[in-house]
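Notes follow the structure.
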Amino acid sequence: MKILKFGGTSVGSPERMKDVARLIADGQRKIVVLSAMSGTTNRLVEIADYIKKRNTESGNALIGHLRGKYKKHIPELFATAEARKRCEKFFRDEFINLGRLAQGDFNETMEKAILAQGEILSTHMMFFYLQEQGMKVRLIPALDFMHIDADGEPMLRPIHEYWERLLAEDKDTEIFLTQGFICRNPQGEIDNLQRGGSDYTASLIGAALHLEEIQIWTDIDGMHNNDPRFVEGTRPVRQLHFEEAAELAYFGAKILHPTCIQPARYAGVPVRLLNTMQPDAPGTLINNTMQSGVIKAVAAKDNITAIKVVSSRMLLATGFLRHIFDIFARYKTSIDMVATSEVGVSLSIDNDSRLTPIVEELKKVGTVEVDHNMCIICVVGDLVRENKGFLARITSAMSDVAVRMVSYGGSNHNISFLVKAEEKKQALQALSDKLFKESSIN
């Protein structure tokens, strides 16, 4: 049994929904996870923001606009009067409920409930359509089984117990449809999974049930070996190890969130990235197989801030590094790259929201320099030290780029370079030419 997740662009219009329905109507038993229709969550965020600012008039206007948009989808999606009537009633009730939420006093619980409506709308539309097509489908509310603990971490046992019982009791249903992203917190209130959203939902269910495969359907044919927005001639990577996929996701490959595949990795369930618009394309398979000595891809992470701290003493004093890392930990700011020298340390962060107090603390132990608008370029593959020659190829490609920092050795799967943002495109293209185009010629 497989689980298939379809993102917002995959269900972004009635025609796209029909495409998804054709993809899943193969007679095989499966679980299907849907995101909100593309653009819906952003609009719901706007609505919540107006309510937070006590501008209920503008909030209600946006609710009316969103309701009108969904109402137009009904005749485009459904062929029968009965199905149109069912969907119209659901929309009417749902938007009345959304309007009631907008009238209350704003709080975090209300905001989460508003944001949850996108997935609820898309799954009900798909449910009504699949029923109209005569498919054996059952809609399973994610709020019935997806729970997070006090630390915001998802709980696998309730997922396993719920779905194991459901699948054992219901042998007739072919398509089990549910929402991604949304869940309940320990207080029983509507919440969300945040990291990875609907991908995370699919990974958690697939891992809990040890399914055959987790499929993530998007609008691109797998993870590419470089960023197609900046580099010409990129191509999909057909296979990645879980470690390689996590590195690429963390360092900028937007198709996948870095944490969402961790449950699948620990359970040993393969993940396949596929393209709804090109369903016959093989996509990218992510599993526990490592191809020896192969460089797989390059990714870039933007909006990086570099910080250099030079010790007030000539040599690093005992506890200097620990003191610096404690400062970042205290302000809950993660560090991406680290490089040390005899008298100082350089590091990078991707979240500068607490930069001012961090710098004030760092100035107590040394001289501080800060560089903004930096970018991390990451090369990913099987980069163990025994594979001679790969390091020379990578560094030679970067010979015309001003590199601020290099990180290598902390992982067997990546080497990272910190460069100025304006040199990002040049670095990506140079690495692509050296690592992929030359190797294909040879």
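The values are calculated or read from the model by the stated rules, or taken from the named source; none is laboratory data. Worth saying up front: this structure is predicted, and the values here are computed from it rather than measured. Cβ atoms come from the backbone with ideal geometry, glycine included; neighbour counts cover every protein chain shown. Please note that ligands, DNA and RNA were not included when accessible areas were found on the heavy atoms of the full protein model with its side chains. Shrake-Rupley method; radii C 1.70, N 1.55, O 1.52, S 1.80 Å.
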Q: From Pro154, Pro186, grab the single residue that is surrounded by fewer than 15 Cβ atoms within 10 Å (Cβ to Cβ), over 26 Å from Leu23 (Cα atoms) and under 27 Å from the mean Cα position of the chain (by Cα).
A: Pro186
Q) Could you count how many residues in segment 11-29 are polar (S, T, N, Q) and either open to solvent by 50 Å² or more (accessible area, probe 1.4 Å) or modelled with pLDDT under 95 (or both)? A) 1
Q) Mind checking whether some residue in segment 366-382 is more than 23 Å from Met223 (Cβ to Cβ), open to solvent by less than 30 Å² (accessible area, probe 1.4 Å), at pLDDT below 95 and not hydroxyl-bearing (Ser, Thr, Tyr)? A) yes
Q.
Considering only residues that are at negative phi and in a loop (DSSP other than H, G, I, E, B), which ones fall in segment 316-345?
A. Leu316, Ala317, Thr318, Tyr331, Thr333, Ser334, Ile335, Asp336, Met337, Ser341, Glu342, Val343
Q) Is there a residue in segment 343-364 that is within 24 Å of Thr234 (Cα to Cα) and touching a residue at least 40 places away in the same chain (Cβ under 8 Å)? A) no
Q: Starting from segment 253-271, take each residue that is closer than 8 Å to Ser203 by Cα and free of Cβ contacts under 8 Å to residues at least 24 places away in the same chain and list its partners that are charged (D, E, K, R) and not in a helix (DSSP H, G or I), counting only C-beta distances under 6 angstrom and pairs at least six apart or across chains.
A: none
Q) Leu428: crowded, with 21+ Cβ neighbours inside 10 Å, at pLDDT 95 or above and not in a helix (DSSP H, G or I), yes or no? A) no
(Q) Let me spell it out: the conditions are (1) at positive phi; (2) touching a Lys or Arg at 6+ places or on another chain (Cβ under 8 Å), and Phe251 meets all of them except one. Which number is the exception? (A) (1)
Q | Residue count, segment 98-112 (criterion: of a type in the set (S, T, N, Q), touching a residue at least 12 places away in the same chain (Cβ under 8 Å) and under 19 Å from Asp191 (Cβ atoms)) | A | 1
Q) Looking only at residues in segment 390-406 that are part of a helix (DSSP H, G or I) and of a type in the set (Val, Ile, Thr), which one is nearest to Val298 (Cα to Cα)? A) Ile394
Q: Spot the failing condition for Lys434; the list is (1) surrounded by 16 or more Cβ atoms within 10 Å (Cβ to Cβ); (2) within 19 Å of Lys296 (Cβ to Cβ); (3) in contact with a strand residue (DSSP E or B) (Cβ under 9 Å, 6 or more places away or on another chain), and only one is missed.
A: (3)
Q: Could you check, for segment 391-406, whether at least one of its residues is exposed (fewer than 13 other Cβ atoms within 10 Å of the Cβ) and hydroxyl-bearing (Ser, Thr, Tyr)?
A: yes
Q: Report yes if some residue within segment 114-128 is in a loop (DSSP other than H, G, I, E, B), open to solvent by 20 Å² or more (accessible area, probe 1.4 Å) and either hydroxyl-bearing (Ser, Thr, Tyr) or within 24 Å of Gly12 (Cβ to Cβ) (or both); otherwise report no.
A: no
Q) Restricting to segment 8-38, what's the tally of residues that are within 15 Å of Phe181 (Cβ to Cβ) and of a type outside the set (Val, Ile, Thr)? A) 7
Q: Starting from segment 13-39, keep only residues that are at positive phi, then list their pairs with residues that are open to solvent by 10 Å² or more (accessible area, probe 1.4 Å) and not hydroxyl-bearing (Ser, Thr, Tyr) whose Cβ atoms are within a distance under 8 Å, requiring at least 6 positions of separation or different chains.
A: Gly27/Glu174; Gly39/Gly8; Gly39/Gly12
